[in-house]
Amino acid sequence: MCRENYRIGVPRMGYYTEIFNSDNLSYWGSNCGNETEIETAPIPRHGRTHSVSLTLPPLGVTVLRQ
């Protein structure tokens, strides 16, 4: 089951792109992930001033790049 709208703090404001998702179809996953650029919001989380809202795969790894 995907976890949607999971907010995490990020070090810098701007746009982030998912560059790796272990749940991708190419790895025989369910393809739960973030397919578009993700814009930061000025919502503090985890000691950071900005955050992003993600769709997280079940039992998977997601890597983002700014």
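Just so you know, all these numbers are worked out from the coordinates, no wet-lab data involved. What you see is a predicted model, and the numbers here were worked out from it, not measured in a lab. When we count neighbours, we look across all protein chains shown, and the Cβ atoms used for this are built from the backbone with ideal geometry, even at glycine.
Listed values, structure above:
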item	result
Inter-site label distance for Leu59 and Glu35 at 7 Å from Cα along Cβ, in nm	2.4 nm
Structure-derived mean projected area of the Cα convex hull in nm²: which label, when the choices are (1) 6.4; (2) 4.1; (3) 7.1	(2)
Potential lengthening between Arg3 and Thr17 on full extension [0.36 nm per residue; Cα-Cα distance subtracted]	3.3 nm
Loop GluC sites (Glu not before Pro), the chain, which have at most 14 other Cβ atoms in a 10 Å radius of their Cβ (DSSP)	Glu35, Glu37
